Amino acid sequence: MDPILTWNAIALDANKMSFSNPNNENPGPTMSSRALGIVHLAMYDAFAAVSGNPAGLPPYMPSLPPAPSGATTSAAVATAAHHALSSLYPSQKSNFDTALASFGNPADPGHSYGFLIAGEILRDRSGDGNASDAGYVPPTGPGKHQPDPDSDSREFHAPFYGAVTKTFAVTDPNRHRILPPYGLTSSEYRDA
């Protein structure tokens, strides 16, 4: 059984379940993508380190200690994913515990190493922010967001999340910024 594919499926199921349970853990596209990013980085760094950090797999967290002797990638990846998921979706921990039980000998040093890696990545990403709209005042006027006239809800999802400065993989965020929209009186706006 491939631990990365298995735990990817478990992470996707956890994300799906988070939208249907009352706990509302890591909802919406911003927090879901963050949670999945953390889980996959934990698996990646666990796999890369136990594999000897091959040239094509530079670590996300370069300051991690080396993998212990005798650690297997299966145990390290599984426990890294388990720890990250258990922290991000605590209401589903019993599901993750059941899945982890099928990943090798509990004495495998990869388990403690995967736990350490996930903990470091969770700490590294702890300042990412959340999806709250507290304090957000949407701009008004022509061309700006207009409230839905059929809904009393005025909630906005993660209006401040775009200000997170620490990216997961992009090294130059300015390179990927989109251009501002066309002016309301421009021919491009009219044509669109």
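Structure summary
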{"quantity": "Verdict on Thr171 being under 26 Å from the mean Cα position of the chain (by Cα), at pLDDT below 80 and farther than 27 Å from Asn24 by Cβ", "calculated": "yes"}
{"quantity": "Scope region 140-166; condition in contact (Cβ under 8 Å) with a residue 12 or more places away in the chain and either β-branched (Val, Ile, Thr) or assigned to a loop (DSSP other than H, G, I, E, B) (or both); matching residues", "calculated": "Pro142, Gly143, Glu155, Phe156, His157, Ala158, Pro159, Phe160, Val164, Lys166"}
{"quantity": "Any hit, region 167-184, residues being in contact with a helix residue (DSSP H, G or I) (Cβ under 7 Å, 6 or more places away or on another chain), open to solvent by 80 Å² or more (accessible area, probe 1.4 Å) and touching a residue at least 24 places away in the same chain (Cβ under 8 Å)", "calculated": "no"}
{"quantity": "Conditions (1) over 19 Å from the mean Cα position of the chain (by Cα); (2) among the polar types (S, T, N, Q); (3) more than 21 Å from Thr171 (Cβ to Cβ): number failed by Asn8", "calculated": "(1)"}
{"quantity": "Selection count, region 10-61, where residues are part of a helix (DSSP H, G or I) and surrounded by fewer than 16 Cβ atoms within 10 Å (Cβ to Cβ)", "calculated": "7"}
{"quantity": "Set Asn26, Asn21, Asn95: member being in contact (Cβ under 8 Å) with a residue 60 or more places away in the chain and at positive phi", "calculated": "Asn26"}
{"quantity": "Single residue of region 94-128 satisfying the filter (exposed (fewer than 15 other Cβ atoms within 10 Å of the Cβ) and within 21 Å of Glu25 (Cβ to Cβ)) that is modelled with the lowest pLDDT", "calculated": "Gly127"}
{"quantity": "Test set (1) more than 30 Å from Leu41 (Cα to Cα); (2) modelled with pLDDT of 85 or more - Asp150 fails condition number", "calculated": "(2)"}
{"quantity": "Residue match in region 116-128 (condition: part of a loop (DSSP other than H, G, I, E, B) and closer than 30 Å to Met1 by Cα)", "calculated": "yes"}
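The values are calculated or read from the model by the stated rules, or taken from the named source; none is laboratory data. Fair warning: this is a prediction, and the values are worked out from it, not measured in the lab. Positions of Cβ are backbone-derived with ideal geometry, glycine not excepted, and every protein chain shown enters the neighbour counts. Only protein heavy atoms, including side chains, enter the accessible area calculation; ligands, DNA and RNA are left aside. Shrake-Rupley method; radii C 1.70, N 1.55, O 1.52, S 1.80 Å.
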